[in-house]
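Below you'll find the structure, written out as structure tokens, and then a few comments.
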Amino acid sequence: MSTSNKTFSMIKPGAVHNHHIGHILSKIEDAGFKIAAIKTVRLTPSDAAEFYAEHEGKPFYQELIDFMSSGPIIAMVLLKDNAVADFRKLIGSTDPAQAEEGTIRKLFATSKAHNAVHGSDSDASADRESSFFFSRREWLRVEDATDNGMEY
């Protein structure tokens, strides 16, 4: 499987707290994504700092760490052709005020800082982020499904 068929996403603490999990998952599945792995996790501040290390030193970094460790998140590996680009389009702009109508962030985000979902920005990020939360044994790959005669 080419990595371009995989992306990573998480539903952030605010959207979990506001009971948007089901609505967001429905939008993801309705857009043709297959959920290959999913779990609920509570990030510690050090977990959040490690995951978002690339943003260390930026003005929003500490607020991001505090928010991401404030409650449970839903971590997911998603499969679809052109997964990274298609998912970025589905979630919309980081700032919900600038996001297109119908995107996940337009519908469920409360602010730029509390933007409802995370989505990988590249194939390399999708690999790194998926591995942060899941071992390869924890998610169903397309070749696994087809090798076993499963329709996926």
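Among the residues that make up region 73-91, is at least one of them at pLDDT 95 or above, among the acidic types (Asp, Glu) and over 27 Å from SER26 (Cβ atoms)?
The answer is no, given that none of the residues of region 73-91 is at pLDDT 95 or above, among the acidic types (Asp, Glu) and over 27 Å from SER26 (Cβ atoms).
Identify the single condition in (1) under 28 Å from GLY32 (Cα atoms); (2) of a type outside the set (Phe, Trp, Tyr); (3) in contact with a Ser or Thr (Cβ under 8 Å, 6 or more places away or on another chain) that HIS114 does not satisfy, given that it satisfies every other one.
Status for HIS114: all satisfied but (3).
I need the full set of residues from region 14-53 which are exposed (fewer than 11 other Cβ atoms within 10 Å of the Cβ) and not polar (S, T, N, Q), in order please.
HIS19, GLY22, ASP30, ALA53
Residue by residue through region 131-140, note down the ones that are in a loop (DSSP other than H, G, I, E, B) and either aromatic (Phe, Trp, Tyr) or buried (at least 17 other Cβ atoms within 10 Å of the Cβ) (or both).
Once the filter is applied, which keeps residues that are in a loop (DSSP other than H, G, I, E, B) and either aromatic (Phe, Trp, Tyr) or buried (at least 17 other Cβ atoms within 10 Å of the Cβ) (or both), region 131-140 yields PHE134, TRP139.
When residues of region 9-34 are filtered for being under 21 Å from ASP123 (Cβ atoms) and touching a strand residue (DSSP E or B) at 6+ places or on another chain (Cβ under 6 Å), how many remain?
Number satisfying all stated conditions: 4.
Please verify whether ASP81 is within 30 Å of ARG137 (Cα to Cα), in contact with a helix residue (DSSP H, G or I) (Cβ under 9 Å, 6 or more places away or on another chain), surrounded by fewer than 19 Cβ atoms within 10 Å (Cβ to Cβ) and among the acidic types (Asp, Glu), treating the condition exactly as stated.
Judged against the criteria, ASP81 is a match.
Could you tell me whether region 32-41 includes any residue that is free of Cβ contacts under 8 Å to residues at least 40 places away in the same chain and over 17 Å from GLY119 (Cα atoms)?
Scanning region 32-41 turns up no residue that is free of Cβ contacts under 8 Å to residues at least 40 places away in the same chain and over 17 Å from GLY119 (Cα atoms).
Here is a check on your reading of the model: is LYS39 basic (Lys, Arg), within 20 Å of LYS6 (Cα to Cα), modelled with pLDDT of 95 or more and touching a strand residue (DSSP E or B) at 6+ places or on another chain (Cβ under 9 Å)?
In short, yes.
Is it the case that region 114-130 has a residue that's on the phi > 0 side of the Ramachandran plot, modelled with pLDDT of 95 or more, among the hydrophobic types (A, V, I, L, M, F, W, C) and buried (at least 17 other Cβ atoms within 10 Å of the Cβ)?
yes
Could you grab me the full set of residues in region 96-113 that are without any contact (Cβ under 8 Å) to a residue 24 or more places away in the chain, exposed (fewer than 15 other Cβ atoms within 10 Å of the Cβ) and touching a helix residue (DSSP H, G or I) at 6+ places or on another chain (Cβ under 8 Å)?
GLU100
If you take the residues of region 46-75 that are among the hydrophobic types (A, V, I, L, M, F, W, C) and in contact with a Lys or Arg (Cβ under 8 Å, 6 or more places away or on another chain), which of them is nearest to ALA36 (Cα to Cα)?
Only one residue fits best here, namely ALA75.
The values are calculated or read from the model by the stated rules, or taken from the named source; none is laboratory data. Please read all numbers here as calculations on a predicted model, not as lab measurements. Because the Cβ atoms are built from the backbone with ideal geometry, glycine has one as well, and the counts that use them run over all protein chains shown.
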